[in-house]
1. Filter the stretch 540-591 down to the residues that are over 21 Å from Ile509 (Cα atoms) and among the acidic types (Asp, Glu), then identify the one that is most open to solvent (accessible area, probe 1.4 Å).
2. Working only within the stretch 397-410, note down all residues that are over 18 Å from the mean Cα position of the chain (by Cα) and assigned to a helix (DSSP H, G or I).
3. Return a yes/no flag: does the stretch 551-573 have any residue that is in a helix (DSSP H, G or I), without any contact (Cβ under 8 Å) to a residue 60 or more places away in the chain and more than 17 Å from Phe396 (Cα to Cα).
4. Which members of the stretch 146-166 meet the condition of being in a helix (DSSP H, G or I), hydroxyl-bearing (Ser, Thr, Tyr) and over 19 Å from the mean Cα position of the chain (by Cα)?
5. In the stretch 547-577, which residues are charged (D, E, K, R) and modelled with pLDDT of 85 or more?
6. How many of the residues in the stretch 496-536 are hydrophobic (A, V, I, L, M, F, W, C) and either modelled with pLDDT under 80 or exposed (fewer than 15 other Cβ atoms within 10 Å of the Cβ) (or both)?
7. Of the residues Val107, Val114, Val172, only one is within 30 Å of Tyr277 (Cβ to Cβ) and touching a His at 6+ places or on another chain (Cβ under 9 Å); which?
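The values are calculated or read from the model by the stated rules, or taken from the named source; none is laboratory data. Values in this document were obtained by computation on a predicted structure and should not be read as measured data. Every residue, glycine among them, receives a Cβ derived from its backbone with ideal geometry; neighbour counts consider all protein chains shown. The protein model used for the area step is the full one, side chains on, heavy atoms only, and it has no ligands, DNA or RNA in it. Shrake-Rupley method; radii C 1.70, N 1.55, O 1.52, S 1.80 Å.
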Amino acid sequence: MSNRLTGDASFSSRQELLNLNEAFTSTNALENPASSEQANDAMNSGMSDVRTLCTHENSNQLQFVPNKSENLCGWSVFKPKCLQVFNTPKGMLFFLCGASFLQGLIVNGFINTVITSIERRFDLRSYHSGMIASSYDIAACICLTFVSYFGGYGHKPRWLGWGVLIMALGSVMFTLPHFTSGHYEVNLSEQTGLCLQNQTGGCDRVTSSMSNYRFVFMFGQFLHGIGATPLYTLGVTYLDENVKSNYAPVYISIFYTAAIVGPAAGYLLGGFFLQFYTEINTKINLTPDSPLWVGAWWIGFLGAGGVALLVAIPILGYPRQLPGSQRFLAMRVSEAHQLKDGSHMTALEPNFGKTVKDLPRSALLLLRNPTFIFLCFSGATEATLMAGMSTFGPKFLESQFNLSASQAATLFGFLVVPAGGGGTFLGGFIINKLKLRCAGIIKFCLICTILGLLAIFIVSIHCSNVPMAGITYNDVLCICIVLPFLCSFDSAVKLTTSCNAECKCLMEIYNPVCGADKLTYYSPCHAGCTRFNMSLSGSNRKTFYDCSCVMENSSADFAESGKCPSNCPHQALFLAVFFLVIFFTFLGSIPAVTATLRCVPESQKSFALGIQWIVVRTLGGIPGPIAFGSIIDLSCLLWQDQCGERGSCYIYQNSLMSKYLLTAGLTYKILGSVFFLTAWFLYKPPSSSLNSSNNGESSEPVKETLQRTNSTN
């Protein structure tokens, strides 16, 4: 007699399939005591449920045939046949890649690209920028436990779809300050900034309130964090559950590669948008090279938010499990770390983890897994470094090589595309080709971290600051560079000299010019210029004349708008080696995620990724940008003067910036290496995993199921 199961039950792990088989065998044995062969036939018949139909081909092989009436793609009752062509792992991977691309584009691309423009537009400091960047991780930490625990046993595509919708809302929220703060106007008349004895004003107290808009930016980032929370926990486990285990690293690497290409595209598009003035269709005398220029930073967020809305719709239509996924779950061989007291077997109970009361026990099992814990710590160190570098990397290039904000963002984007994207994909590809087990994967991560540690010494190579009159040409500055904590750079700034003492120059107006003596001056007034040419020169710069301070060092008396160019010879070498730093960092990212999925029980994968992301964000993602922002602020030479209060930083001391960033980079890379080494040393695989030679996959899953069923009888 054929038996069938009906209902809405779904199997999220291989253990649930085994428990299902045991239940059928026990029931049939009570009703009709028979031989073991008859019990096996009953079990095989019972496996024919509404999701999977098992039919005999011969005595040793079973074929899994998906039921055509279930697991369809669509929304509610609308499930047309034409949509089922997308109801595959590749189809879901395509839309998840779109979501991860948009997340990277918005959070790690646009925001990091426009951070300098936002600081300039809303009078923010680097510390405030770090708070904005960290708001994303704060939101993720708050939501991760809830989302990963309950979403792991729920309808993952619906969690993912609603998350993308919230992320779209956050992008729209992030643009609100542009529309509510009024027009950005640079009050520079034709005579403003020249050496005139009747200079007045310059201090506008109204601008000090602009920094309050940082809370709107923080709320937008908070929504980004909530929306992206399911993406890298439930999205990863959904892919892992619906493909063969040896293909999972490839799928996950493609998914993460899209997340890496997203920021790269964000840098490129963000740099392109910054070339347009923030107030569209407004004519202004400034150029993108001017420190007062604010580009159209908000355009990208509006466009990305609209696209995210479109991506969320198909994701919401995917079923709880893709057709045929039960076969892959049944073929898995556990590589979970074995605890000495055997308490890890608790996770194999059929109903474990499906109620709130099991949450403490589930968390305790993970916290007692030393391999998992040290993988979390290593992830936190790498996340701190990546968060700091991605947030302030363009600013570092801008300062070291005297680039504009758009040029620095574009250059950083060209680095991240091949290095980050290529490293991420290649990491998963290598794991798949070498068929590495959990211990081998951890050793691979250790090698990548050590190679990144060696390459990060490139940060010690820095470019000298472009000479600026009154700042880089005095003895006090030399003391501050050697002993930065014994003095303030404010005492090293002496912009007023005998050649401009009668000009009564205003510190509120920062409009640097490059004199014929190859010195950069704070403004035309500080250069002693009294007149200018309305037409731009061949270099697309406004020209100022009768500059008394310039004539002290040169026979010429003119200056051009903008800072003097840098002749640093280290740019090519720095970019080449920094490429390797990014490459090796991302080369180990997918293997680290794969090792995390392998070292925990099947039923705890989603929750394990959630706990890991909490640790990574709490110890890395949140303090990382704030710490790096504070470190960069320590190297500031010249602050914006807002009626006696500090605004954003205009000029950084390049050697100090390099020294501080090198110290931070070495610290986190060394810690990451130690954590990976400890995780590998403490890992204890199960004996069945050691005996398996098929990359965590059993070649005879049904046979193993039958043997387990017979043993219970």
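1. So the residue we want is Glu552.
2. Across the stretch 397-410, the qualifying residues are Leu397, Glu398, Ser399, Gln400, Ala405, Ser406, Gln407, Ala408.
3. Scanning the stretch 551-573, I find at least one residue that is in a helix (DSSP H, G or I), without any contact (Cβ under 8 Å) to a residue 60 or more places away in the chain and more than 17 Å from Phe396 (Cα to Cα), so the answer is yes.
4. Residues of the stretch 146-166 that are in a helix (DSSP H, G or I), as a first pass: 146-151, 156-166.
Then keep just the ones that are hydroxyl-bearing (Ser, Thr, Tyr); that gives 148-149.
Matches in the stretch 146-166: Tyr149 only.
5. Glu560
6. Total satisfying the criteria: 7.
7. Val107
Conditions (1) touching a Pro at 6+ places or on another chain (Cβ under 7 Å); (2) open to solvent by 10 Å² or more (accessible area, probe 1.4 Å), marked per residue:
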site	(1), (2)
Gly388	yes, no
Phe401	no, yes
Gly423	no, no
Gly428	yes, no
